[in-house]
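The values are calculated or read from the model by the stated rules, or taken from the named source; none is laboratory data. None of these values were measured; they are calculated from a predicted model. Cβ coordinates were reconstructed from backbone atoms using ideal geometry, including for glycine residues, and neighbour counts include every protein chain displayed. Quick note on the areas: whole protein, heavy atoms, side chains included, nothing else; ligands and nucleic acids left out. Shrake-Rupley method; radii C 1.70, N 1.55, O 1.52, S 1.80 Å.
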Amino acid sequence: MPSEIKFRGDRMIRECGEHGYFRDEYCPICGEEGKFIMNDYETEKLGRTLAGILRHGKFNLEMNDQGFVKIKSIVSTIRDKNQRMHWLRSHHIIALVETDEKGRYQISENFVRATYGHTINVDLKLPTDNIPSELYYPTTEEEADIILETGLMPSDRSMVHLSLTFDDAFRAGLVRVKNPVILTINCSKCIEMGYDIGRAAKTVFLCKQVPANCLKIVKG
C-alpha cells in the first residue's frame, strides 16, 4: 500500500448519524467520530476507478448521452474486475460523491456521472446562466503565443476546461509546469460569438472552444 496514500487523512470517509458523510476523523459539525466508510487508500482507489469509467469509458458500461451510468452497474463491474474491492456497495460511491469538494461527480436518482474531465463525447447539458465576466486558463510560455493567435481548443479532453479564479487556474497549471502562464477569457464576448460556457463544478467551466480575440495574458 503506497505510504503517500495510506497516511492522507483528508481522503478517509466516515458517516455522522446526524450530518451525513464527511472526510476527516471527526464530523466537522458536531465532532462525532462517526461510522467508518472507507480508508484513505480505498477512497483514492475508488476515485481513480470511477474517473476511468465516467470520464474515459473504462469497461464500456452503458452510459446515456449525458454521461450518466447506473450506480449498481458500476458496483457490480468493479467487484467483478477487482476481487480486492469485493467490499464495494452503492453507498460507497454516494459517500465519495457527496464529500468531493471539487464537485467532480453528480448523482441523479440511481445514476452518477462525471461533471468534467471527459475524453469521450457526452452532452452534459450544463447550466449556462450566471457565468462570470472572466474565467481563466493555465498554459506554458511556449504554448501561450500559439493560443493567443489561434484560439483555445480541446487537446486531451473533449471540452476546454476553464477555472473560476486566477488561483484555481494557477493550481491546475502546476500539474504541468512550475510557473504557468495564466490567460483570461472574456466570457461575454465568447458567448456572443456563439460559444456557450457551462458551469460544470464549483470552480470549473466548460466550453467547446474560445476564439483568440477573447483571450489575453494576465499580467502578474
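Sorted by packing (mean other beta-carbon atoms within 10 Å per residue), highest first, where do 183-190, 56-63, 31-38 land? Don't skip to the end; give the middle numbers.
Numbers: 183-190: 20.0, 56-63: 13.6, 31-38: 15.1.
The most tightly packed comes first, giving 183-190, 31-38, 56-63.
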Per residue, what volume in Å³ does the convex hull of the Cα atoms of the chain enclose?
-> 151 Å³
Greater than 22 Å apart at Cα, pairs in LYS102/LYS125; LYS35/LYS70; LYS35/LYS81; LYS58/LYS178; LYS58/LYS81 = LYS35/LYS70; LYS35/LYS81; LYS58/LYS178
Segment 117-192 accessible area per residue, 1.4 Å probe, protein heavy atoms, integer Å², reads 59 Å²
In percent, what relative contact order does the chain have, based on Cα pairs under 8 Å that are 6 or more apart in sequence?
-> 16 percent
Quick numbers on segment 119-220, Rg and Dmax over C-alpha atoms in Å, give 12.6, 36
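Kindly give the semi-axes, whole Å and largest first, of the ellipsoid equivalent to segment 40-131, taking each as the square root of 5 times a Cα gyration tensor eigenvalue. Walk me through the numbers on the way to the answer.
Details: eigenvalues 98, 44, 26 Å².
For segment 40-131, the semi-axes come out at 22, 15, 11 Å.
Could you rank the peptides 198-206, 101-109, 130-138 by their average count of other C-beta atoms within 10 Å per residue, with the highest value first?
Numbers: 198-206: 20.8, 101-109: 14.3, 130-138: 18.3.
Result, highest mean first: 198-206, 130-138, 101-109.
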